[in-house]
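Here the structure comes first, spelled out in structure tokens, and everything after it is commentary.
The values are calculated or read from the model by the stated rules, or taken from the named source; none is laboratory data. Keep in mind that what you see is a predicted model, and the values were worked out from it rather than measured. For neighbour counting, all protein chains shown are included, and Cβ atoms are generated from backbone atoms with ideal geometry for every residue, glycine included. Surface accessibility is based on the protein's heavy atoms, side chains included, excluding ligands, DNA and RNA. Shrake-Rupley method; radii C 1.70, N 1.55, O 1.52, S 1.80 Å.
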Amino acid sequence: MRIAVAGKGGTGKTTLSALVIGALKQRGILPILAVDADPNDNLGPALGMEVMRTLGEIREDFIDRRPDIPAGMTKGALLEMRMHQSVIEGQGVDLLVMGRPEGPGCYCFVNNLLRKSIEELSRNYRAVVIDNEAGMEHLSRKTVGAVDRLLLVSDHTVKGIRTALRLRKLADNMDVTVKETRLVVNRVGADGLSDAVRWEIEEGGLGPCFILPEDEGIARACREDTPLIGLLETPYGRAVRKLVDTMVTQD
Ligand SMILES: Nc1ncnc2c1ncn2[C@@H]1O[C@H](COP(=O)(O)OP(=O)(O)OP(=O)(O)O)[C@@H](O)[C@H]1O
Ligand SMILES: [Mg+2]
């Protein structure tokens, strides 16, 4: 199953990605490939994994330094080997960090190869979870290929819902296969959704949304920069487990 998490900046995409990975792991849906598609690479620390190398560095290296290609090896095979080496291995969860975006110059050759390699790499995993940057650069450039579930994260504001709606339209217009898009409203207080937000969701035809609670335990872990993946017994973690349950049983 391929799950992509997208949404406006700061709405909780990385937090959700980390806990979705935690919940999948708890259910024994392993191995998992975690893809950090945000140039600010935050998913590693959220998973308690140290980021040692990124795909961006490999790409730059390939283009700037034109590596010596060993005899009997093609350029494509070398790049694929390097791509595999850039996967950071963990316990049941491996991490691929996309790194910084490309600079000026023609990257088409390398990007096409990378796309193919990521596609092949992801076949080795039962689940792939992609934490996107704000916007949908990697999805639109098809670096990560088709997705089964696109989780659009919004904060508990009318503006946030409107952004999610725009992103959904963007996803609909992109030439990338998304089986199901689901709106996730994050940081909702004990009183539930406000009338204005509820109205905006209905008006936008965004379908039934999934609600995640405001959770001080999550906010604290972020403040203290401790890994989030294990926080499955918090109110937030329990809600994410339910979300994962619905996705898994639907599959
Ligand atoms: N349900 C929640 N309860 C309390 N705090 C939360 C919750 N969800 C997210 N946060 C806090 O909001 C902040 C932003 O979260 P996060 O980094 O996951 O967002 P993001 O969408 O990945 O941001 P960016 O666009 O910068 O990548 C963090 O400090 C996090 O602790
Ligand atoms: Mg993030």
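Largest GNM mean-square fluctuation across Asp175, Asp155, Asp61, computed for the chain with C-alpha springs under 10 Å, falls on Asp61. One compactness figure for the range 21-81 is 1.51, namely its Cα radius of gyration divided by 2.2 N^0.38 Å. Extension gain, Ala219-Lys75: 0.36 nm per intervening residue step, less the Cα-Cα distance, totals 47.3 nm.
Over all orientations, the range 1-52 has a Cα convex hull whose mean projected area works out to 3.8 square nanometres. For the chain, the solvent-accessible area of protein heavy atoms averages 48 Å² per residue (probe radius 1.4 Å; ligands and nucleic acids excluded).
Given their separation in residues at 0.36 nm each and the Cα-Cα distance between them, Arg27 and Ile63 gain 8.9 nm when the chain is fully extended.
For the chain, the antiparallel share of DSSP beta bridges with both residues in that region comes to about 5%.
Evaluating kT/(6 pi eta Rh) at 4 °C and 1.567 mPa s, with the Kirkwood radius of the range 120-251 over Cα pairs in the Stokes-Einstein relation, gives 80 µm² s⁻¹. Rolling a 1.4 angstrom probe over the chain with all protein chains present gives an accessible area of which 49% lies on carbon and sulfur atoms. At the residue level, Arg238 shows approximately 110 square angstrom of accessible surface with a 1.4 angstrom probe and all protein chains present.
Among the lysines of the chain, pairs at least eight places apart or on separate chains and with Cα atoms under 20 Å apart come to 17. The simple spin-label model puts a point 7 Å past each Cα toward its Cβ; for Thr246 and Asn173 those points are separated by 2.8 nm. Of the three principal axes defined by the Cα atoms of the chain, the extents in descending order read 66, 36, 33 Å. Sorting the segments 160-167, 122-129, 194-201 by their mean number of nearby beta carbons within 10 angstrom, highest to lowest, gives 160-167, 122-129, 194-201.
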